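Visitor: My structure is below; once you've seen it, I'll send some questions.
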Amino acid sequence: MAEPLVSIRNVIKRYRRGKQAVEVLHDLSLDIQPGEFLAMMGPSGSGKTTLLNLIGGLDRPTQGEVVVGGERIDRLSSGQLAKWRSRHVGFVFQFYNLMPTLSAEANVELPLLLTRLNGKQRKANVAAALELVGLTDRRKHKPNELSGGQQQRVAIARAIVADPTLLVCDEPTGDLDRENAEEVLGLLQQLNREQGKTIIMVTHDPKAADHASRIVHLDKGALAAEAVGAAA
Ligand code: ADP
Ligand code: MG
């Protein structure tokens with residue numbers, strides 16, 4: 001078996017709520033192989049977003065190890081973590097999180113402003129990412145001039161423009177109708193199969209999970225079940 005891309009070891013996450021500490025993830029361990037498309041399911045409040053944020057380096061565990069691409073990211077400082085994220089992870093959220101005043105191409109360019117690429121290189125990468133998601137002809141449009149599905153495709157272009165190894169998606173189709181959801185899921189599947197992106201996707205939707213190669217279920221902060229995905 002290849003070295004896992006993501007290795008979660010005995011992770012505990014507690015949040016402080018006033019004076020009380022609430023334990024949200026209990027001694028959780030999980031390996032994710034390079035090239036997997038993993039769907040993460042489970043009831044609301046079961047800790048899916050918390051776990052995703054630990055894997056994507058948006059947050060750190062209270063205890064335990066988070067290793068991604070051989071790096072102990074739980075040991076990085078906030079500044080180091082931000083730098084690490086910009087190089088290795090693309091994020092896709094339920095509500096797209098696009099900048100409303102910027103065009104599609106300016107939104108997609110944002111992550112590249114943190115890199116050493118010059119203007120010409122940035123432009124070429126933005127054009128390639130927009131081409132990949134099929135929105136070249138909409139590049140000048142602002143988010144409110146695009147459908148929900150198109151906005152999510154812009155967000156996906158933004159997530160992949162810096163060529164990260166890992167894509168983490170938190171309910172990426174949660175706000176889309178079936179047709180737009182299928183379009184976004186097809187695109188994620190294509191990025192997984194053709195560009196070799198490892199994808200971790202939180203979803204409530206069994207039809208969305210059918211696009212994954214493996215499905216894990218979380219319940220009350222622990223892994224409850226695991227299944228082979230329909231797209232394995
Ligand atoms: P899910 O994504 O599965 O719905 P979350 O990971 O968002 O679940 O939340 C798991 C639990 O942790 C919930 O009970 C939630 O209220 C709590 N929680 C999440 N984020 C915070 C936070 N920043 N501070 C305190 N509690 C939190
Ligand atoms: Mg959530």
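The values are calculated or read from the model by the stated rules, or taken from the named source; none is laboratory data. No experiment lies behind these values; they were computed from the predicted model shown. Virtual Cβ from ideal backbone geometry, glycine too; neighbours counted across all protein chains shown. In case anyone asks, the SASA skips ligands and DNA or RNA and just uses the protein heavy atoms, side chains included. Shrake-Rupley method; radii C 1.70, N 1.55, O 1.52, S 1.80 Å.
Visitor: For F37, which of the numbered conditions (1) over 16 Å from the mean Cα position of the chain (by Cα); (2) under 21 Å from A162 (Cβ atoms) fails to hold?
Guide: The one condition F37 does not meet is (1).
Visitor: Which of (1) touching a residue at least 12 places away in the same chain (Cβ under 8 Å); (2) away from ligand 2 (no atom under 16 Å from the Cβ) does G47 not meet, given it meets every other one?
Guide: For G47, the failing item is (2).
Visitor: Right, something else. Out of L81, L112, L102, report the one residue that is in contact with a Lys or Arg (Cβ under 8 Å, 6 or more places away or on another chain), within 26 Å of I32 (Cα to Cα) and either open to solvent by less than 50 Å² (accessible area, probe 1.4 Å) or not aromatic (F, W, Y) (or both). Quick ask: steps written out before the conclusion?
Guide: Numbers: L112 fails: within 26 Å of I32 (Cα to Cα); L102 fails: within 26 Å of I32 (Cα to Cα).
After applying the criteria, what remains is L81.
Visitor: Looking only at region 129-139, decide whether some residue is more than 24 Å from R87 (Cβ to Cβ), free of Cβ contacts under 8 Å to residues at least 40 places away in the same chain and open to solvent by less than 40 Å² (accessible area, probe 1.4 Å).
Guide: Yes, because at least one residue in region 129-139 is more than 24 Å from R87 (Cβ to Cβ), free of Cβ contacts under 8 Å to residues at least 40 places away in the same chain and open to solvent by less than 40 Å² (accessible area, probe 1.4 Å).
Visitor: Taking K207 and the conditions (1) part of a helix (DSSP H, G or I); (2) under 17 Å from R153 (Cα atoms), which numbered condition does it fall short on, given that it satisfies the others?
Guide: With respect to (1) part of a helix (DSSP H, G or I); (2) under 17 Å from R153 (Cα atoms), K207 is out only on (2).
Visitor: Which numbered condition in (1) within 23 Å of A104 (Cα to Cα); (2) surrounded by 22 or more Cβ atoms within 10 Å (Cβ to Cβ) is the only one that P164 fails?
Guide: The single condition P164 does not satisfy is (2).
Visitor: Give me the residue from region 29-44 that is within 16 Å of ligand 2 (Cβ to nearest atom) and out of contact with any helix residue (DSSP H, G or I) (no Cβ under 7 Å at 6 or more places or on another chain) and, out of that set, nearest to N192 (Cα to Cα).
Guide: As a first pass, look at region 29-44 and keep what is within 16 Å of ligand 2 (Cβ to nearest atom): 38-44.
Subset that is out of contact with any helix residue (DSSP H, G or I) (no Cβ under 7 Å at 6 or more places or on another chain): 38, 43-44.
Details: L38: 10, P43: 26, S44: 26 Å.
Out of the qualifying residues, it is L38.
Visitor: I need the full set of residues from region 47-72 which are assigned to a loop (DSSP other than H, G, I, E, B) and surrounded by fewer than 21 Cβ atoms within 10 Å (Cβ to Cβ), in order please. Break it down stepwise before answering.
Guide: As a first pass, look at region 47-72 and keep what is assigned to a loop (DSSP other than H, G, I, E, B): 47, 56-62, 69-70.
The answer is L58, D59, R60, T62, G69, G70.
Visitor: Which residue out of S86, S44, S29 is within 16 Å of ligand 1 (Cβ to nearest atom), open to solvent by 30 Å² or more (accessible area, probe 1.4 Å) and either among the hydroxyl-bearing types (S, T, Y) or touching a Ser or Thr at 6+ places or on another chain (Cβ under 7 Å) (or both)?
Guide: Details: S86 fails: within 16 Å of ligand 1 (Cβ to nearest atom); S29 fails: within 16 Å of ligand 1 (Cβ to nearest atom).
After applying the criteria, what remains is S44.
Visitor: Can you confirm whether A222 is open to solvent by 30 Å² or more (accessible area, probe 1.4 Å), closer than 29 Å to P4 by Cα and touching a residue at least 40 places away in the same chain (Cβ under 8 Å)? Talk me through it step by step, then tell me what you get.
Guide: Values: open to solvent by 30 Å² or more (accessible area, probe 1.4 Å): yes; closer than 29 Å to P4 by Cα: yes; touching a residue at least 40 places away in the same chain (Cβ under 8 Å): yes.
Here the answer is yes, as A222 does meet what is asked.
Visitor: Same structure again: Being open to solvent by 40 Å² or more (accessible area, probe 1.4 Å) and either within 12 Å of ligand 1 (Cβ to nearest atom) or modelled with pLDDT of 95 or more (or both) is the filter here, so list the residues in region 10-21 that pass it.
Guide: Within region 10-21, the first condition is being open to solvent by 40 Å² or more (accessible area, probe 1.4 Å), and the residues that meet it are 10, 14-21.
N10, R14, Y15, R16, R17, G18, Q20, A21 - these are the residues of region 10-21 that are open to solvent by 40 Å² or more (accessible area, probe 1.4 Å) and either within 12 Å of ligand 1 (Cβ to nearest atom) or modelled with pLDDT of 95 or more (or both).
Visitor: So which pairs qualify, if the first residue must be in region 160-177 and more than 16 Å from ligand 1 (Cβ to nearest atom), the second must be open to solvent by less than 30 Å² (accessible area, probe 1.4 Å) and of a type in the set (S, T, N, Q), the Cβ gap must be under 8 Å, and the two must be at least 6 apart or on different chains?
Guide: From region 160-177, the pairs are T165/T198; L166/T198; L167/T198; L176/Q152.
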